[in-house]
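The values are calculated or read from the model by the stated rules, or taken from the named source; none is laboratory data. The structure displayed is predicted, hence computed values, not measured ones. Don't worry about glycine lacking a Cβ; one is built from the backbone with ideal geometry, like all the others, and counts go over all protein chains shown.
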Amino acid sequence: MSTIIEPLRGVHDILPSGIGTWQFLERTTREVFAAYGYEEFRVPIIEQTQLFKRSIGDFTDIVEKEMFSFVDQGEDHITLRPEATAGIARAMISNGLLRGARQRVWCMGPMFRRERPQAGRYRQFHQIDAEAFGFEGPDVDAEIILLSARLLRRLGLTGVKLHLNSLGTPASRASYRERLIGYFSAYESQLDEDSRRRLHANPLRILDSKHPETQRIVAGAPHLGESLDPESRAHFEALCARLRAAGIEYHVDHRLVRGLDYYTRTVFEWITDSLGAQSTVCAGGRYDGLVEQLGGPPTPGIGWAMGQERIVMLLEQLGRHDGLQSPDVFLVASGERAQAFALELAERLREGSPRLRLQVNLGGGNFKAQFKRADKSGARYALVLGDEEVGRGVVALKDLRGDQAQVDCPAEEIGGRLSVLLGLDEGNTGKS
Ligand code: ATP
Ligand code: MG
């Protein structure tokens, strides 16, 4: 026997038994984005490595050590996308969608980062992304946060808290940078290795360190708020006022910086205490310089990304899902003529009732074995076909979940009968 091929570390399968939670999340996401006039945007999973290096920034965990990158047979340098914003910004530019125009879009799909796998942290994971281009804000900052708040609320996740901060403009960040270098230099020998290396190149990164000893030093670091330029301060205050007016609670967290270099002004995270260490379920901010940095026209932007695995874990704790998709009907057929007719009948029924969920017994077996499968399938009804039924032009209908007696029904009437029993025509107007 050959050896089993194991899945890669940090990737996971989503099994049919758990898919109802994902479907609930994805269906609700589509509804909420539609309610705000955001349109779906699908971008490639592979991009030129340069795109992520240029946008996310050196001295970030992603670019330094987490990207899945390779050189393909044609010498192209390719990376599996670690996040969606860079690809969406690239696509906006490539397709000329930003010339004098504003865009509000969303996307959903897999991302790849070579992290140390643990609960809530994977190497292939999924994100829901919202992005808005061309708005100076602060109204768009408020809108995109309200959108995330509504999505979380619609999902039933009321225990997640909003943390907010402003990183100011690149200029005000530069003066903060100098103050941080001054502060951290005094503790240089106690910092973790990554933070020591980033001390002069990108000291803001140190604030985001997950290292416990470094975090203790971070606790005493100067606040960014004190270095904020007046325009950024006014922008931030206007955002906060809009959130208050909308009844959204928030916590201003002066240590909140994001793991990517491209953020300016507003940054925010939605944090839960129900998931242990992996507590951020959604994170985002404003990235006014990104589009220009990627060669596009100067265009402000703002967005967020929500980690689907972490949201699914919260939904599972609450037992929220779209339910199992059991078939409505299981078709049992025994005998040569009956088996030959079964697939044909099933096709006819699906043609007549597009919403009917019908599973056909495959691979034969006696009636007893087939009824066992019918029961296990979760179907409400069984259709029973033997050679004798085929000869009489009837199908037997059996209620698998009630105590109604099995009845014969003419084969050409069974579709209509099932539609009535299952309520499949309700809400349908006109003929299909
Ligand atoms: P963290 O600090 O947890 O590493 P991050 O700052 O790297 O997060 P972002 O790049 O902002 O994360 O991604 C947005 C969201 O995507 C995160 O808040 C999280 O919910 C989710 N996420 C990020 N990385 C992973 C991962 N490796 N596995 C599962 N979800 C992830
Ligand atoms: Mg990370």
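A residue that is more than 37 Å from the chain's Cα centre (by Cα), in the same structural domain as Arg337 (by TED's automatic domain parsing) and under 28 Å from Pro16 (Cβ atoms) occurs somewhere in the stretch 402-413. Taking the conditions exactly as written (touching a residue at least 40 places away in the same chain (Cβ under 8 Å) and surrounded by 15 or more Cβ atoms within 10 Å (Cβ to Cβ)), does Arg255 satisfy them or not? When the stated conditions are applied, Arg255 does not pass them.
In the stretch 111-121 there is at least one residue that is of a type outside the set (Asp, Glu) and either under 20 Å from Ser148 (Cα atoms) or more than 16 Å from ligand 2 (Cβ to nearest atom) (or both). Restricting Ser175, Ser148 to those that are assigned to a helix (DSSP H, G or I) and not assigned by TED's automatic domain parsing to the domain that holds Gly289 reduces the list to Ser175.
A single member of Arg81, Arg30, Arg42, Arg102 is without any contact (Cβ under 8 Å) to a residue 60 or more places away in the chain, touching a strand residue (DSSP E or B) at 6+ places or on another chain (Cβ under 7 Å), closer than 25 Å to Ile144 by Cα and surrounded by fewer than 18 Cβ atoms within 10 Å (Cβ to Cβ), and it is Arg102.
Gln50 meets the stated requirement of being more than 16 Å from ligand 2 (Cβ to nearest atom), surrounded by fewer than 15 Cβ atoms within 10 Å (Cβ to Cβ), assigned to a helix (DSSP H, G or I) and over 20 Å from the mean Cα position of the chain (by Cα).
For the stretch 78-94, the criterion of a residue being away from ligand 2 (no atom under 16 Å from the Cβ), under 19 Å from Tyr262 (Cα atoms) and either of a type in the set (Asp, Glu) or not in a helix (DSSP H, G or I) (or both) is satisfied by no position.
The sole residue among Arg113, Arg123 that is touching a Gly at 6+ places or on another chain (Cβ under 6 Å) and within 16 Å of ligand 1 (Cβ to nearest atom) is Arg123. Of the residues Gln278, Gln339, Gln293, Gln317, which single one is farther than 30 Å from Gln370 by Cβ, over 26 Å from the mean Cα position of the chain (by Cα) and not aliphatic (A, V, I, L, M)? Going through Gln278, Gln339, Gln293, Gln317 in turn, just one is farther than 30 Å from Gln370 by Cβ, over 26 Å from the mean Cα position of the chain (by Cα) and not aliphatic (A, V, I, L, M): Gln293. Condition test on Arg348, is it within 16 Å of ligand 2 (Cβ to nearest atom), basic (Lys, Arg) and either crowded, with 20+ Cβ neighbours inside 10 Å or closer than 30 Å to Gly386 by Cα (or both)? Here the answer is no, as Arg348 does not meet what is asked.
The residue pairs whose first member lies in the stretch 49-71 and is within 17 Å of Tyr287 (Cβ to Cβ), whose second member is aromatic (Phe, Trp, Tyr) and within 16 Å of ligand 2 (Cβ to nearest atom), and whose beta carbons are closer than 6 Å, counting only pairs six or more residues apart or on different chains, are Ser55/Tyr262.
A search for C-beta distances below 9 Å between a residue of the stretch 1-12 that is outside the structural domain of Arg121 (by TED's automatic domain parsing) and any residue that is among the basic types (Lys, Arg) and surrounded by 10 or more Cβ atoms within 10 Å (Cβ to Cβ), counting only pairs 6+ apart in sequence or on different chains, returns Leu8/Arg123; Arg9/Arg123; Gly10/Arg113; Gly10/Arg114; Gly10/Arg121; Gly10/Arg123; Val11/Arg123. For Ala91, are the conditions met, namely being of a type in the set (Gly, Ala, Ser) and within 29 Å of Arg233 (Cα to Cα)? For Ala91, the condition - of a type in the set (Gly, Ala, Ser) and within 29 Å of Arg233 (Cα to Cα) - is not met.
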